[in-house]
Amino acid sequence: MTPDDPIAGPPGGTLADLARRIQARRDAPPESSWTAALLARGPEVCARKFAEEAVEAVIEAIKGDPDRLTAEAADVLYHLLVMCAARGVDLARIEAELARRAGQSGIAEKAARGASS
């Protein structure tokens, strides 16, 4: 991560703070921050970077080092929000979907979607 990254940015460590910093960098010049550079490269690049970070988090989960998993999980959350921002999906929309699902069992929710796993 670079010093101007949202993860290393100004104080405020909530997902909402992170999402706001990502949105603030959407139209910034690519050379001004890692976030702006990722977004400028397009949604497909953002998705690939998210996938890479997710795999790294899985590897750390298997290895069992809580500190490394924590760091990778932070990267995953950051890259998830960047990927979503690249497609115009903001945190409020994700939170609304989570709220819609609240109170419904995961088994029932998956069955309603026709999910097999």
Unique residue being on the phi < 0 side of the Ramachandran plot, modelled with pLDDT of 95 or more and part of a helix (DSSP H, G or I) when the list is Glu97, Glu52: Glu52
Test: residue in segment 101-109 that is hydrophobic (A, V, I, L, M, F, W, C), in a helix (DSSP H, G or I), without any contact (Cβ under 8 Å) to a residue 60 or more places away in the chain and in contact with a Pro (Cβ under 7 Å, 6 or more places away or on another chain): no
Unmet criterion (only one of (1) modelled with pLDDT of 95 or more; (2) surrounded by fewer than 16 Cβ atoms within 10 Å (Cβ to Cβ); (3) of a type in the set (D, E, K, R)) for Asp75: (2)
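The values are calculated or read from the model by the stated rules, or taken from the named source; none is laboratory data. All of these numbers come straight from a predicted model, not from anything done at the bench. Note: ideal-geometry Cβ built from the backbone for every residue, glycine included; neighbour counts use all protein chains shown.
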